[in-house]
Amino acid sequence: MRFILVDEILEMQPGRTVLGSKFISPDEDYFRDHFPGFPVVPGVLLTEMMAQTAGKCLDAENPARGKSMLARITTASFRDWVRPGQTALIYGEVRTSRPQFATAVCRIDVGNRTVCSAELFFSFILMDTVAPGYRAEVLERFLAKSLPNPAATGPSP
Amino acid sequence: MSQEDALKWFAELFGLPAAGLSPETTRAQIPTWDSLGVLTLMAALDETFNLVVNDADMRSMQKVGDVLDLLRKHGKLA
């Protein structure tokens, strides 16, 4: 099982705000148990979606600081079910960003309704803690798409 | 802020009963003053008092009184 819970970063101001999306596939294995006849996304996965999205916003701000890691769920509220076939829009706003820690307030909207929100606390680990080949695929895709192409924008010969 | 208020703030931050907490209470006596607790304290000083504390200063804090001294030094504690 992969544990990438953000399909795409749609908008980002590194270190400030981020918007990501996640389509909730009816094929997700956890729906077999959570719950038969009443499939809903577990709150812990919604929280992880918010943490991954806000984490990418922090990682993009200052890669040298290391990789953001969820250290504490300060608050979390779940107001509505998230069902198979829906698309979650995941919002993150960084409140504090320091070399050692960061905080963010996040929410997930489905349709026009906010289904959950959380205040999250992050610490950072050195990049050499993770495997040398580690790549943040979703963040890299966004950056490749959003950053100007040096070949196209560089000075004319 | 008075020392009594600061002790209440500290106790709430670390999930402790305010009674029994004193400036002499050591870090070793507070189980939640672990590595995450250090970051929690840094964040709280930052967000509540607008005090940005570096790693070395944080490491030097070994008792509640050290935190109170920091607040006092920056004029946050009467």
### Task
Check whether at least one residue in segment A:47-62 is under 26 Å from residue B:45 (Cα atoms) and at pLDDT below 95, and report yes or no.
yes
### Summary
Filtering segment B:11-61 down to residues that are among the basic types (Lys, Arg) and surrounded by fewer than 14 Cβ atoms within 10 Å (Cβ to Cβ) yields B:59
### Message
Can you name every one of the helices (runs of 4 or more DSSP H) wholly within chain B that holds 2 or more residues which are within 14 Å of another protein chain (Cβ to nearest Cβ), of a type outside the set (Asp, Glu) and touching a residue at least 24 places away in the same chain (Cβ under 8 Å)?
### Response
B:35-49
### Query
Do we find a residue being within 14 Å of chain B (Cβ to nearest Cβ) and in contact with a Gly (Cβ under 7 Å, 6 or more places away or on another chain) anywhere in segment A:87-99?
yes
### Task
Might you check whether a residue that is surrounded by 15 or more Cβ atoms within 10 Å (Cβ to Cβ), among the β-branched types (Val, Ile, Thr) and touching a Gly at 6+ places or on another chain (Cβ under 7 Å) occurs anywhere in segment A:115-128?
no
### Summary
Scanning segment A:8-43 for residues that are surrounded by 14 or more Cβ atoms within 10 Å (Cβ to Cβ), in a loop (DSSP other than H, G, I, E, B) and of a type outside the set (D, E, K, R) gives A:14, A:15, A:24, A:34, A:39, A:40, A:41, A:42
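The values are calculated or read from the model by the stated rules, or taken from the named source; none is laboratory data. Nothing here was measured: the structure is a model prediction, and the numbers come from that model. Please note: Cβ atoms are built from the backbone with ideal geometry, for glycine as well, and neighbour counts cover all protein chains shown.
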